[in-house]
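One structure is given below, encoded as structure tokens.
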Ligand code: NAD
């Protein structure tokens with residue numbers, strides 16, 4: 001049984017009660033997490049506020065060294081963290097599973113440590129000198145979802161630390177355990193109070209809502225659903241908090257007539273099914289040109305049907321279960337509806353427990369629920385088109401705009417299509433391949449602001465312009 005306490009002001013803090021965290025692959029209790037009270041949350045914010053006084057005054061070199069030490073801690077404890085993620089999230093250890101997630105967390109931590117925000121001289125002449133300074137904000141609240149618990153926490157916490165802020169982390173009630181351990185490890189190399197964590201079951205208290213409205217929190221970085229993101233934005237208004245909101249997506253892929261179906265099948269599959277489809281920037285609908293439609297469908301199914309599905313701790317498994325019952329029910333509802341409208345090429349039914357067979361359903365169209373709604377699970381709808389302009393219009397006919405992709409052999413032509421897609425990131429002949437040196441964020445209803453690279457780092461600062 002995995003069990004951790006809160007970490008507040010560098011100390012382990014016990015709570016009055018704990019809640020069970022289930023292993024989605026087995027249905028058994030994987031561990032217990034602290035059910036923090038509002039007093040615990042107040043202590044965490046107060047501790048971060050107090051630590052900000054000295055952390056924000058540290059030299060750039062000191063903060064960089066501390067971030068590198070955090071990256072090293074993740075690397076040293078990679079296997080333990082991966083095992084905890086697999087136990088609570090359900091994803092396999094192998095493939096693009098929990099070991100891969102920890103590798104990503106370590107890479108992002110190391111890269112973010114190397115970034116910096118030096119003073120920029122805007123003018124220096126006989127009319128005067130103007131300097132642009134980047135100043136830390138104060139206490140940052142990080143609220144995370146259940147799909148990539150450790151990697152997303154690292155995406156939130158490291159740029160905050162690097163720029164001189166202090167943090168209170170609030171993970172999803174579905175996957176709190178690996179983040180509790182991550183924050184313990186960070187506290188082995190950081191001053192007390194710089195990173196604190198509160199966890200709860202969202203029943204006793206809504207810690208996320210309280211943090212989003214807290215007067216001593218200067219910024220909220222939130223990754224999760226559009227509906228909750230909108231609530232965070234509303235709560236943040238009164239105290240004019242800075243916000244980064246990474247919300248849901250309904251990413252489209254467009255396969256052009258000159259694509260090579262066999263060559264793209266593997267990329268299409270992983271673009272859609274990474275983390276069992278439970279990925280914000282996964283490909284969630286696929287538009288394929290009529291001239292190669294059947295071939296693309298056949299190649300995709302031929303690749304997909306050989307992917308081993310199993311409990312996360314099975315070293316041979318490549319895809320695992322859906323993480324929770326609510327998400328499972330949503331996927332099942334969308335697939336049941338799609339079966340009455342389209343043609344099932346693969347799967348289409350539930351397995352045992354929270355397992356759902358990887359599903360591909362052809363001959364759907366915009367207006368069908370599996371195309372219009374974010375399924376966030378292992379079910380891909382395929383839509384036939386004859387005119388590229390029509391496919392672009394259908395892809396853009398969505399309130400979301402996180403990612404998109406175009407598949408074809410003429411790269412210039414593919415880029416012309418890519419530029420017409422309404423989304424924050426667009427890939428050619430791949431999908432969802434984010435990297436720490438490239439800004440990532442959504443347009444339209446998919447969010448506000450970006451993460452990663454200099455542009456993401458800047459979001460943890462206020463500008464002060466100094467006129468000398
Ligand atoms: P969710 O919105 O249900 O929960 C996210 C977090 O918000 C959890 O920690 C939850 O406890 C907390 N929360 C609940 N109510 C709150 C409130 N009123 N105020 C503040 N916080 C509150 O999302 P989820 O189900 O955990 O994650 C799935 C969703 O996240 C999907 O829509 C997916 O597309 C999106 N997502 C987006 C990205 C991205 O980078 N764009 C990445 C991963 C997931």
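The values are calculated or read from the model by the stated rules, or taken from the named source; none is laboratory data. Keep in mind that this is a model prediction, so the values were computed, not measured. Every residue, glycine as well, gets a Cβ built from its backbone with ideal geometry; the counts of neighbours run over all protein chains shown.
Observations on the model:
- Annotation note: Cβ proximity below 6 Å between a residue of region 380-399 that is assigned by TED's automatic domain parsing to the domain that holds residue 278 and a residue that is loosely packed, with under 13 Cβ neighbours inside 10 Å (sequence gap 6+ or interchain) occurs for 384/290; 386/290.
- Positions within region 330-345 being crowded, with 19+ Cβ neighbours inside 10 Å and away from the ligand (no atom under 16 Å from the Cβ), in sequence order: 335, 338, 342, 345
- Tabulated pairs, region 224-240, first touching a residue at least 60 places away in the same chain (Cβ under 8 Å) and in the same structural domain as residue 212 (by TED's automatic domain parsing), second near the ligand (Cβ under 7 Å from one of its atoms) and assigned to a helix (DSSP H, G or I), C-beta under 6 angstrom, 6+ apart or interchain: 232/212
- Region 112-139, residues that are closer than 22 Å to residue 160 by Cβ and surrounded by fewer than 17 Cβ atoms within 10 Å (Cβ to Cβ): 114, 116, 118, 119, 120, 132, 133, 135
- Among the residues listed as 81, 161, the single one being within 29 Å of residue 216 (Cβ to Cβ) and modelled with pLDDT of 95 or more: 161
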